[in-house]
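A quick write-up on the structure given underneath.
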Amino acid sequence: MIIHVLISAWLVVEFDGAYTEGSPAPTEINALVVVDKDETLIDVKMERSTSFILYMLYRDYDSSYGQNESNNSSQENSSTNDEGGGDNNPTDDSLESKEDKTSPKEWLKLGRNSIFFAMVFLIISEIMVISSIRFSTIIRVFAWTCLMIGFTIVLPSTYLLDLAGEDGDEDAQFDEELSQKNFVESTETGSMVHENNIFDSELILRGIKFNLEYSGYDLGLVEPEEYAELRAEVPQNNSSLTDSYVKFESILELEYGKNLPSLFIIPFSWYLIPARPRKNKSPNIVTKPLSNNDVPMMWEINEQGLPGTGQVTQEEMATLLDLCEVSLGAYQDGKLTGFVLCLLPKTEYGSLNYAWFNQRYDQFIYVDRIAVAKDSRNSGIGTLLYQQVFNYAREHNIPVTAEVSLKPSNEGSDRFHLRHGFVTVGELDHGDKAVTMYIKDKKPEDD
């Protein structure tokens, strides 16, 4: 559908104007402009143009004034050239410099590029939706909105800016100076007086319509000695100066291409053919007892959790595993993603934190370490492992003990243990390190 819109007309501009009063009447001017992805096609037709041609000849090319002005200009140029030895003539470099400075900004090209960008953006967003990428549906709606804004607002606006030449096109100004050289300069303040401009706009089915009306008294149609009188006041009906009155009425319609409304079908297609729901990416975790084959991966995960997990070598990790009463691993697609190691009292484990609990409690299951791989965190693995420990504690009617690093602080682990019902029972300072001691007693709600 987007390709169908791409290869069709994007904007159709129709201009119908006519001189309704004055010397150029009843000349009519009709223009049709079609803007597509590559070109701007223009067709202009003028009907009943004889009166307009005669009007322009009479108005702008006063032979006597033009001849005198031309002679004076020639004499001045000749005198200047003789005195300066031709040094004042413009060089090729200066002309090229002027051409570079007067290059107009291509507004319509900017509008076309914005639409191309929006189309590509929409296509990419559709691919994202098909791929079930997160937030892709929101991005798709945004891309479609950008495309509609490009067609309905940006393209017509840039066309009008191109038409008006708002970037200061000096070439156009130079052409205007040439066309009015013999007349406008001689009248000192311009060729039209008592001007009246009427501008109105209204929405139509596929675009917008502008009603334009211009009228005034043309000094080019009166004698030079009558300029002051015509400027002073609007001529009375019986005055010969009323013959200089000119009125031009026109209608400018900017209509969007006939295929543009088909873009509104796209949101309906989203409703009729909804995006495929994203797959549930919650990990399919399996817990099972650890073995010595898991030690290398256990050590790697433990390293990722430093300093909170306590650094050990692989040999120390293997020894600790042999001492544990509860040693469980969480596996996703056969890969170890987390583990928990727990000991009963009075083992040979030499941890000072473990000894602290041994000195105060006779029965407990001590959580020496629980660690989750960095790329698997915040997926419920820690809770799942701890739940297995809680189940063991309930079955044997014993509390669960653990410590959390206090220096350096491990606030995330503190929140985790408090959330799971642990309470603080003390602190143990090792000098450069310190830990908070936690215990979770068997409560009625654990049953």
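Read-outs: derived from the displayed coordinates by stated rules, not from any lab. None of the values given here were measured: they were computed from a predicted structure. As a convention, Cβ positions derive from the backbone with ideal geometry for all residues, glycine included, and neighbour counts pool all protein chains shown.
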Please compute the modelled spin-label separation between Leu306 and Asn238, points set 7 Å along Cα→Cβ, answer in nm with one decimal.
11.1
Identify the residues of the stretch 283-310 with backbone N under 17 Å of a label point that sits 7 angstrom from the Cα of Glu316 along the Cα-to-Cβ direction, or state none.
295-310
Sort 126-133, 345-352, 293-300 by the packing proxy (mean of other Cβ within 10 Å over each peptide's residues), most packed first.
293-300, 126-133, 345-352
So, by mean Cβ neighbours within 10 angstrom, what's the order for 364-370, 396-402, 107-113, 420-426 with the highest one leading?
364-370, 396-402, 107-113, 420-426
